[in-house]
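Peer 1: First the structure, which I've put down as structure tokens, then a few questions once you've had a look.
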Amino acid sequence: MPDYQTLVELFEHSREKHTDNPYFGEKEDGEYQWITYGEFGERMDAARGALAEMGIQEGDTVAIIADNRIEW
């Protein structure tokens, strides 16, 4: 088993291996709507870009205080 140093490294490995597999689901109108590892990864890349545009750099600490949902 590979030795991952961070959760990001672990997710990136999973993203490559399971790109089209369901990752997160939210219930809408009584049925689950799923996004894949790949789709979630794209959202994560967009969030990384937004943080970088705000001047956040590697090693900085950021906290998100919110309800549990895909957007966070």
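Peer 1: Per residue, how much accessible area does the chain show when a 1.4 Å probe rolls over the protein heavy atoms, in square angstrom?
Peer 2: Here the residues of the chain average 87 Å² of exposed surface.
Peer 1: Can I get the semi-axes of the chain's equivalent ellipsoid? Compute them from the C-alpha gyration tensor as square roots of 5 times the eigenvalues, in angstrom, largest first.
Peer 2: Semi-axes from the Cα gyration tensor: 23, 19, 11 Å.
Peer 1: Rounding to the nearest 20 debye, state how big the charge dipole of the chain is about its Cα centre with +1 on each Lys and Arg Cβ and -1 on each Asp and Glu Cβ.
Peer 2: 120 debye
Peer 1: Sticking with this one: Check residue 24: other-chain or 5+ apart residues with amide H under 5 Å from its amide H, H built from backbone geometry?
Peer 2: Sorted by chain and number, the residues that satisfy this are 35.
Peer 1: Select from 44, 61, 19 the residue farthest towards the positive end of the dipole of the chain; place +1 on Cβ of Lys and Arg, -1 on Cβ of Asp and Glu, and compute about the Cα centre.
Peer 2: The Cα lying farthest towards the positive end belongs to 61.
Peer 1: On the accessible surface of the chain, probed at 1.4 Å, how many percent belong to carbon and sulfur atoms?
Peer 2: Answer for the chain: carbon and sulfur cover 50 percent of the accessible area.
The values are calculated or read from the model by the stated rules, or taken from the named source; none is laboratory data. Only a predicted model underlies this, so the values are computations on that prediction, with no experimental measurement involved. Positions of Cβ are generated from backbone atoms using ideal geometry, with glycine treated the same way; all protein chains shown enter the neighbour counts. Side chains included, ligands, DNA and RNA excluded: accessible areas come from the protein's heavy atoms. Shrake-Rupley method; radii C 1.70, N 1.55, O 1.52, S 1.80 Å.
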